[in-house]
1. Taking one equal scatterer on every alpha-carbon of region 59-135, how large is log10 of I(q)/I(0) by Debye at q = 0.13 1/Å?
2. Using only the Cα atoms, what convex hull volume per residue in Å³ does region 63-108 have?
3. Which whole-Hz couplings ³J(HN,Hα) result when phi for each residue of region 20-37 is put into the Karplus expression 6.51 cos²θ - 1.76 cosθ + 1.60, θ = phi - 60°, listed in order with x for Gly and Pro?
4. Can you list residues whose amide H is under 5 Å from Asp103's amide H, if they're 5+ apart or on another chain and H is modeled 1.01 Å from N?
5. What are the semi-axes of the equivalent ellipsoid for the chain, taken as the square roots of 5 times the Cα gyration tensor eigenvalues, largest first, in whole Å?
6. Between region 32-74 and region 109-157, how many Å separate their Cα centres?
7. Cross-chain or 8 or more residues apart, Cα under 28 Å: how many lysine pairs in the chain fit that? Count them up, please.
8. Using the Kirkwood radius over Cα pairs, work out the Stokes-Einstein diffusion coefficient for region 104-188 at 10 °C and 1.306 mPa s, in µm²/s as a whole number.
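Bear in mind that the values in this text are calculations on the coordinates, not laboratory data. This structure is a prediction, so every number in the text was calculated from the model and none was measured.
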Amino acid sequence: MFTGIIEEIGAIRSLRLQGQGGRIAIACRKVLENLRPGDSVCVSGVCLTATEIERDGFAADVSAETLRRTYFGTLGAGAMVNLERSVQPQGRLGGHIVNGHVDDVGRVLALPSGGRVGDWIFSLPKALERYMVEKGSIAVDGVSLTIAGLSPGRFSVAIIPATVAATNLKDKRVGDPVNLEVDILAKYVEKLLSAGQYPAAGGRLAETLEKYGYLAE
């Protein structure tokens with residue numbers, strides 16, 4: 001699990017496609033602290049398992065599903081990526097729960113006039129619209145952001161100077177792709193409240209919901 005609070009900006013050294021997947025190598029420093037093979041690192045919103053760790057970077061395998069869901073297949077050497085190690089139990093949850101499981105790719109539609117601080121507008125795939133609400137959370141390239149505005153096919157977020165300085169958002173241009181992950185809690189709520197789910201599953205929670213009329217047709 002991650003928080004969407006970026007620790008470091010890394011640089012892609014290479015991305016080699018191998019069969020249905022690939023292998024990515026990333027140059028970095030800070031996230032290497034106490035990092036061991038098998039540990040998870042969120043790379044621009046994608047949870048990857050570090051398989052090789054060197055003095056100045058790490059490598060990870062990339063699955064076919066990751067290449068299909070994200071824009072990673074377009075990355076080249078030198079591309080900047082946001083990095084975050086998995087959260088420790090005793091740490092602060094400064095952003096929101098980020099799994100590193102990207103749902104889809106959006107694009108930068110508009111940047112603030114006169115700079116990168118202020119309201120950004122991103123495209124929003126239709127399938128994700130139902131999971132988003134104003135003042136809710138969204139992970140954009142792994143960055144935990146608050147949804148400021150929402151309309152069909154797009155959403156806006158207010159980005160502060162500290163976020164721009166600490167992430168790869170400072171390099172984004174209109175039209176650039178971004179990895180999107182919606183709030184996992186919204187998905188669970190949708191699943192559990194779907195018609196017929198509780199009566200089929202049974203259990204105390206189903207009984208409670210039925211008692212208070214939530215399962216009434």
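1. Log10 I(q)/I(0), no solvent term: -0.63.
2. Numbers: hull volume 6.0 nm³, N = 46.
Measuring per residue, one finds 130 Å³ for the Cα hull of region 63-108.
3. Result, rounded to whole Hz: 8, x, x, 9, 10, 10, 10, 8, 6, 9, 4, 6, 6, 4, 6, 7, 10, x.
4. Residues meeting the amide H criterion: Leu180, Glu181, Val182.
5. Numbers: eigenvalues 203, 99, 55 Å².
They are 32, 22, 17 Å, listed from largest to smallest.
6. If we compute the Cα centre of each part, the gap is 25 Å.
7. Total qualifying Lys-Lys pairs in the chain comes to 13.
8. Values: Rh = 12.8 Å.
Translational D for this selection: 124 µm²/s.
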